[in-house]
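Report on the following structure.
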Amino acid sequence: MMSFSKRIDGRSLTDLRPMEAKVGVIDKADGSAYFKIGNTAAYAAVYGPRQMLPRFMQDPRKGVLRCSYSMMPFSGMGERVRPGQNRRAKEISMVTEKAILPVVDIEKFPNSVVDVFIELPQTDAGSRCAGITAAALALADAGIPMKDMISSVACGKIDDKLLVDLRYEEEAFEGEVCDIPFAFMHNSGKMTLLQGDGAVDAESLLNLFDMAKEAAEKIYEVQKNALLDKYKVEGDLDVEQ
Amino acid sequence: MLSSKSAKQHLAKYLKEGLRYDSRELDEYREITIETGVSSTAEGSARVKLGKTEVIAGIKLSLETPYPDTPENGNLMVEVSLPSLASPEYESGPPGIDAIEFSRVVDRGIREGKIIDTKKLCLRPGEKVWNVSIDIVVINNDGNIMDASGIAAMAALLDTTMPKLEGDTVSYKEKTKNRLPISSWVVPATVHKVGDHFLVDLTCEEEEASDGRLTLAAKEDGRIYALQKGGDSPLSKEELDAMLKLGLASGKKILAKLKEVLK
């Protein structure tokens, strides 16, 4: 077995893959975004706040944030992915909600729901993180009151190396691999998503936390610029770049 | 949104003067944008925009057992999905009747038109053939999903290369240079009847005012391989004739556009 020495795309251990972000890409939605990192791409559309149906799910004290993650049938690395909500998609939808909810001012919309739909046209690892990053952008584009921005990235450990933003070939490396998706709030620096798949020790995990947080800041810059691209007013020189 | 009745009255009023909300001619499509290779994980893919309507089609190939009645032919499957992402009107859950109708009409055009040379997709008769899955996902619904889906399916098929085979295992990461065997091109064109007028490429708003529609999937020579009448209004022979003419002319224009992009 070969030990892991160098990343196949020549990135340093802390480099993210190339990113692209755009907001307002889906005209019918109240807010929308596209986010691409390497060969993983996500669309997110926000509908709402709108009346929560079925009615028994309404909450008179606060609104509900409802996220749905879905891979397009041709978006997997191998065979066709069957459409519909499988167990994996349901779990990712749930952790997506939890990753974003802390920054959404949901109290302002009693009896209502804010729906976020995420669809991925192609994936190459890190798809839930790309979905969360796109979803947070789409919520901002929809004008949903938010206390902070959310940026998400997976980090991992391959053999003894800690690295940022794994791609598929790295996740599938034959040696010891762990993959840990994170999400962070930009202002508070707090973490809103943590999952883990594979063996890791506590010390490495804490180091990965720092690496992921630093990487999330780079993603935040891309998100901020996407919003500025759409909302920057001509001649508005006060906007900090 | 306007109620169906008042929307209809409003649009009909405009149409009597030969006007559309977006000032197009009745036989004029919105700007058509066709892009291929939009999904790195698909064996072939395309994005089609008709104005603000946007769909993505992706092709996945797999090895399967042929159907007993066609032991020497590859299999075909077409599925259009209307995800909640694309419209406030779309609900999640299993495919509704709209999605099923779009899928079946696109399927019939490709299947009956023998667009794919399925004989060349046979590895061992009765045992192993290629299965071609065409999935079309709507990104934004601003009307005429039918035509957008059919154009995207055709463009994605033309973009498709065969993955590498290792014995009977598909090695998806390695694409070969071999193209999917395509023998001819087909696209659907949908004509709507609103009052006494016939028009193409309706927006969502215009579709609400439609009395009836006819979709035909034709090749360049004008032969039709799939037909579907929709809507509530019955049609006379004269109306059918007018709709066929407009549909065939539209199909030709779309095929020309496809050729220009994919030549």
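Every number here is computed from the coordinates shown, using simple stated rules; none is lab data. All values derive from a computational prediction rather than experimental measurement. Here the Cβ is made from the backbone with ideal geometry for all residues, glycine too, and neighbour counts use every protein chain on show.
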What is the sum of charges, Lys and Arg at +1 and Asp and Glu at -1, for the other residues whose Cβ falls under 11 Å from the Cβ of B:Ala46? 0
Suppose we keep just the alpha-carbon trace of the protein assembly as shown; what are its Rg and Dmax in angstrom? 24.4, 79
Given a Förster distance of 56 angstrom, what is the FRET efficiency for B:Asp196 paired with A:Asp201, based on the Cβ-Cβ distance and rounded to 0.05? 0.15
Take the cross-link list A:Lys98/A:Lys147; B:Lys173/B:Lys263; B:Lys60/B:Lys164 and give me the ones stretching past 24 Å between alpha-carbons. B:Lys173/B:Lys263
Dipole magnitude of the range A:152-241 about its Cα centre (Cβ charges: Lys, Arg +1; Asp, Glu -1), debye to nearest 20: 380
For an R0 of 30 angstrom, estimate the FRET efficiency from the Cβ-Cβ distance between A:Glu174 and A:Asn86 and round to the nearest 0.05. 0.65
Given the pairs A:Lys36/B:Lys52; B:Lys5/B:Lys257; A:Lys6/A:Lys213; B:Lys49/B:Lys245; A:Lys157/A:Lys213; A:Lys218/B:Lys52, which are separated by over 26 angstrom at their Cα positions? B:Lys5/B:Lys257; A:Lys218/B:Lys52
At 0.36 nm per residue, minus the direct Cα-Cα distance, what do B:Glu72 and B:Leu19 gain on full extension? Give it in nm, one decimal, please. 13.9 nm
Furthest towards positive pole of dipole, B:Gly37, B:Leu255, A:Leu53, structure part the protein assembly as shown, Cβ charges: B:Leu255
Taking amide H positions as placed in the peptide plane 1.01 Å from N, state which residues far from A:Met149 in sequence (5 or more) or on other chains have amide H under 5 Å from it. A:His186, A:Asn187
Going by how many other Cβ atoms sit within 10 Å of their own, how do A:Thr123, B:Thr65, B:Thr169 line up, fewest first? B:Thr169, B:Thr65, A:Thr123
So the angle from the long Cα axis of helix A:202-231 to the longest Cα principal axis of chain A, reported in degrees to the nearest 10, equals 40
Quickly work out the B:Asn178-to-B:Thr161 label distance, labels modelled 7 Å from Cα along the C-beta direction, and quote it in nm with one decimal. 1.4
Ranking of B:Leu244, B:Leu158 by count of other Cβ atoms within 10 Å, fewest first: B:Leu244, B:Leu158
For the residues A:Leu206, B:Leu202, what sequence is obtained by ranking on other C-beta atoms within 10 Å, fewest first? A:Leu206, B:Leu202
Report, in debye and to the nearest 20, how large the dipole of the range B:1-145 comes out about its Cα centre when Lys and Arg carry +1 and Asp and Glu carry -1 on their Cβ. 220
For the range B:194-257: span of alpha carbons on each principal axis (Å, largest first): 31, 26, 17
Given Cβ point charges of +1 (Lys, Arg) and -1 (Asp, Glu) and nothing else, what value in debye, to the nearest 20, does the dipole of the range B:4-262 about its Cα centre take? 700
